[in-house]
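Input: a single structure, listed below in structure tokens.
The values are calculated or read from the model by the stated rules, or taken from the named source; none is laboratory data. Just so it is clear, the structure is predicted and the values come from calculations on it, not from any experiment. So basically every Cβ, Gly included, is an ideal-geometry build from the backbone, and we count neighbours across all protein chains shown.
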Amino acid sequence: MKALIQRVKKASVTIEDELYSEIGAGLLVFLGVTKSDTVENSEKLAQKIANLRIFEDENEKMNFSVKDVAGEILVVSQFTLCGDCQKGTRPSFDDAAHPNIAVELYEDFVKKLQAIDLKVKTGKFRAMMDVALINDGPVTFMVEK
């Protein structure tokens, strides 16, 4: 699994000109699922993101996790994170999981975050989404499990 994580002041997903979900301060997580991913990857990634210390303390050091600051999380499926751009000029998506498998792992990942008592909202799997955000920092990390 691949997650592009952005610390945000707020973020939202709009589908067909209608607001689908939105969060305040916290994390926007773009999630890509590969063919080799399992529920074990989902568990490890959820734990990593929940505990990743990327929020600043009073000394402007990254010492707090999203849990520590009671932040929200918006998870958006993003199969293009699995694209391989090494050869040619068109990405290859050979490593991306089939949608039937990917949706199960995406939903499992969301449930694992919710089980940690995090406030989690989502985009809509396989939908065309307009994602808006105000990046806080900017602070952006790529995490793979």
Against the definition (in contact with an Asp or Glu (Cβ under 7 Å, 6 or more places away or on another chain), within 17 Å of ILE101 (Cα to Cα) and either in contact (Cβ under 8 Å) with a residue 12 or more places away in the chain or of a type in the set (A, V, I, L, M, F, W, C) (or both)), how does VAL39 come out, yes or no? yes
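Could you grab me the full set of residues in the range 115-126 that are in a loop (DSSP other than H, G, I, E, B) and crowded, with 21+ Cβ neighbours inside 10 Å?
Residues of the range 115-126 in a loop (DSSP other than H, G, I, E, B): 116-118, 123-126.
Residues satisfying the conditions are LEU118, GLY123.
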Of the residues VAL8, VAL33, VAL29, which single one is farther than 12 Å from LEU133 by Cα and crowded, with 16+ Cβ neighbours inside 10 Å? VAL33
If you go through the range 96-114 one residue at a time, do you hit one that is touching a helix residue (DSSP H, G or I) at 6+ places or on another chain (Cβ under 6 Å), in contact (Cβ under 8 Å) with a residue 12 or more places away in the chain and part of a strand (DSSP E or B)? yes
How many residues, within the range 14-24, are assigned to a strand (DSSP E or B) and not aliphatic (A, V, I, L, M)? 5
Filter the range 59-83 down to residues that are among the acidic types (Asp, Glu) and either crowded, with 16+ Cβ neighbours inside 10 Å or at pLDDT 95 or above (or both), then give me how many there are. 2
Members of the range 15-56 that are among the β-branched types (Val, Ile, Thr) and over 19 Å from TYR106 (Cα atoms): ILE54
